[in-house]
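Bear in mind that the values in this text are calculations on the coordinates, not laboratory data. Quick caveat: nothing in here was measured; it's all calculated off a predicted structure. Cβ placement follows ideal geometry from the backbone for every residue including glycine, while neighbour counts extend to all protein chains displayed.
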Amino acid sequence: MLCTKVFGIGLSRTGTTSLNEALNILGIKSLHFPSFVGPLSYCGILKINAEHFDYDGLTDTPVAYSYKKLDKKFPGSKFIFTERDIDSWLTSCEKYKAFRPENQNPVALDLLHKKLYWTTIFDEKLFRKAYEKHKADVSNYFRNREDDLLRINITKGERWERLCIFLDKEIPQDTPFPHSNKSN
């Protein structure tokens, strides 16, 4: 089946920025942390709008939350689950708990965080539970579709080879894999 889109469905702080940059290097026009359109409460997902159709890839938390509906809307798409050691992920989340992307409506962002993490502020127990739930949900959803999902731990050094094999792309020669947020 023809791949229509590539979706990075890892939660923030798991290598989603690096993945987004890598997709762009591979010629897949990708957008990191797509903006919300209107309140999420009426649809329960990231609302796809004309801006998003200009992209072949989308990554980060709004996409992670919406992956099941995106899968139905874009059959044949590829999904990349960026994962990370949970303790280092929690440390990174706590460090960046006040982070608010400039292009996001704060009300919509809080609503997304309430839906994913059951809170709008960093809470280690809730974030841990949310991470484990998301990981289990992704595994369960794709349990019979291994060709549609790549699990990759960019923070542990999994890079071009696994990504390029999954996307059927040539490994970029003399181009290092992007590594954003190196201190996290």
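Take the residue pairs Lys29/Lys68; Lys73/Lys133; Lys68/Lys115; Lys68/Lys156; Lys29/Lys169; Lys5/Lys69 and return only those whose Cα atoms are more than 18 Å apart. Exceeds cut-off: Lys29/Lys68; Lys73/Lys133; Lys68/Lys156.
Between Thr4 and Thr91, the FRET efficiency estimated from the beta carbon spacing at R0 = 41 angstrom works out to 0.70. The slack between Leu126 and Glu161, meaning 0.36 nm per residue of separation minus the straight C-alpha distance, is 9.2 nm. Is the stretch 65-178 best put as rounded, prolate or oblate by its Cα gyration tensor, with a ≥ b ≥ c the root eigenvalues, rounded for a/c under 1.5, and otherwise prolate when a/b is larger than b/c, oblate when not? Note, shape of the stretch 65-178 comes out prolate.
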